[in-house]
Amino acid sequence: MSDYSFDTLQIHAGAEPDPATGARQVPIYQTTAYVFKDAAHAARLFGLQEVGYIYSRLTNPTVSALAARIAALEGGAGAVCCSSGHAAQIMALFPLMGPGLNIVASTRLYGGTITQFSQTIKRFGWSCTFVDFDDPAAIEAAVNEDTRAIFCESISNPAGYLTDLPAVAAVANKVGLPLIVDNTLASPYLCRPIEHGATLVVHSATKYLTGNGTVTGGAVIDSGKFDWSASGKFPSLSEPEPAYHGLAFHKALGPMAFTFHSIAVGLRDLGMTMNPQGAHYTLMGIETLSLRMEKHVANAKAVAEWLEADPRIDFVTYGGLASSPWAKRAARLYPKGSGALFTVAVKGGYDACVKLVNNLKLFSHVANLGDARSLIIHSASTTHSQLTEEQQIKAGAGPNVVRLSIGIENAADLIADLDQALTAATA
Ligand SMILES: *Cc1c(COP(=O)(O)O)cnc(C)c1O
């Protein structure tokens, strides 16, 4: 299956005709449990001597089809689906971490991830050091003997900054740590982080993978390439796991060690499971991923270029613009496009931004991104309103800035909507 091209895999990977009925589309297996053939079969499943379905907190055929498809699209050895993108981040870190251990992450991250990493993970005894990922020496300097992972986004929220993944992967390789890349904003169509040296990829399937704002979901994809046994730093994977019959996952399962651990221990004990209905919606959405991403990128480029040339605008941060500081990096690492999320600074500051948001008719004012619909948010009066103006500016969410997530409508209609709303906002 993996020999097929992206357009074919996004429709076929992970989905044979249903063995029970011949159903061509993946059925929604709306069941909690699966009948064992006999007591010996049950014992083999629980002992991981045979792979099969036990209970839907662990695995479910609809969810498994999606996991296999996402793994194929990212070029990974295996994947596990989760209840949200934030759940996927905890699931990615869980087998690697323990009390007193830390990660090194980019300063340029989704706001919710900054909160998760700077505040919430402290309750597990984990911590995070944030550094500028354009400075490989700073990443290396932040790593100490308690560091267990390096974390960044490929294209990052909110300004559409483009990470130099090979440069970051070279540091991770040098210090012998796994690189985890949140590939939500790029999708595997625009960027495949494993090809640039990532060990694990995480997704919020809530965004482009589903593509229509209907579900909350996530995924962790393992490259299968990291040697979990080499350093002795990852005992959950390399040593007998007391939480699972003393199984040594890496020795027993090789490139599938991380994925099996995530299911057998992670989903079993943390319960951050994707439900089969959610998996169904994401399977429907992912069939058109390449078509949608092409249109998202073409529209984003058209809208960003129009805005940049408009006298009512101060600046546009889109990485796909010829004027972008990331233009060379975009051509080298993101040749199919720089995504469809960027920020725009409006002349007239806070008041003009609020009026712009209020006067738009096609754009929806929401806290989501990656929808078929075009979306806008004025961060300073919403998601970043708790911060001081100085903190807002540092986060790329100053009072004069709005964030746009460009959808797959007609670009001229989107530009006309922005034009009339800018007229009202700057009158
Ligand atoms: C939305 C988002 C998340 C969190 O995903 P949820 O599905 O909302 O939990 C993480 N990373 C990025 C880049 C996101 O855009």
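Derivation of every value follows stated rules applied to the coordinates shown; laboratory data play no part. Note that the structure is a prediction, hence the values are computed from the model and not measured. We place every Cβ from the backbone using ideal geometry, glycine too, and count neighbours over all the protein chains shown.
Taking a point 7 Å out from the Cα of residue 410 in the direction of its Cβ, the residues of segment 349-383 whose backbone N falls within less than 17 Å of it are 361-363, 373-374. Ordered by the count of other Cβ atoms within 10 Å of each Cβ, fewest first, 164, 132 give 132, 164. Each 10 Å bin from 0 upward holds the following percent of the Cα-Cα pairs of segment 66-142: 17, 40, 35, 8. Rounded to the nearest angstrom and listed largest first, the equivalent-ellipsoid semi-axes of the chain from its Cα gyration tensor are 38, 25, 18. Across segment 289-426, how large is the tail of the calculated P(r) beyond 23 Å, expressed as a percent of all Cα pairs? Of all Cα-Cα pairs in segment 289-426, 29 percent lie more than 23 Å apart.
Other residues whose C-beta falls under 14 angstrom from the C-beta of residue 407 contribute a net charge of +2, scoring Lys and Arg +1 and Asp and Glu -1.
Express the relative contact order of segment 6-285 as a whole percentage, based on alpha carbon pairs under 8 Å and six or more residues apart in sequence. List each step's numbers first, then the result.
Values: 545 pairs, mean separation 62.2, N = 280.
22 percent.
Each of 406, 11 has some number of other Cβ atoms within 10 Å of its Cβ, and from fewest to most they run 11, 406.
Could you give the DSSP H helices of the chain that reach 18 angstrom or more along their long axis (alpha carbon positions) and whose average Kyte-Doolittle hydropathy is no lower than 0.0? It would help to have the intermediate numbers written out before the result.
Values: long enough: 61-74 (20 Å, 1.01); 289-308 (28 Å, -0.12); 411-426 (22 Å, 0.71).
The qualifying helices are 61-74, 411-426.
Counted by Cβ distance under 11 Å from residue 229, the other residues give a net charge of 0, where Lys and Arg count +1 and Asp and Glu count -1.
Nearest 0.05, what FRET efficiency do residue 314 and residue 127 give at R0 = 51 Å with Cβ-Cβ as r? Before the final figure, lay out the partial values.
On the way: r = 37 Å, r/R0 = 0.73.
After rounding to 0.05, the efficiency reads 0.85.
Here the simple spin-label model places points 7 Å from the Cα toward Cβ, and for residue 40 and residue 11 these points are separated by 4.4 nm. Compute the distance from the alpha-carbon center of segment 120-162 to that of segment 316-370, in whole Å. Measuring centre to centre over Cα atoms gives 24 Å.
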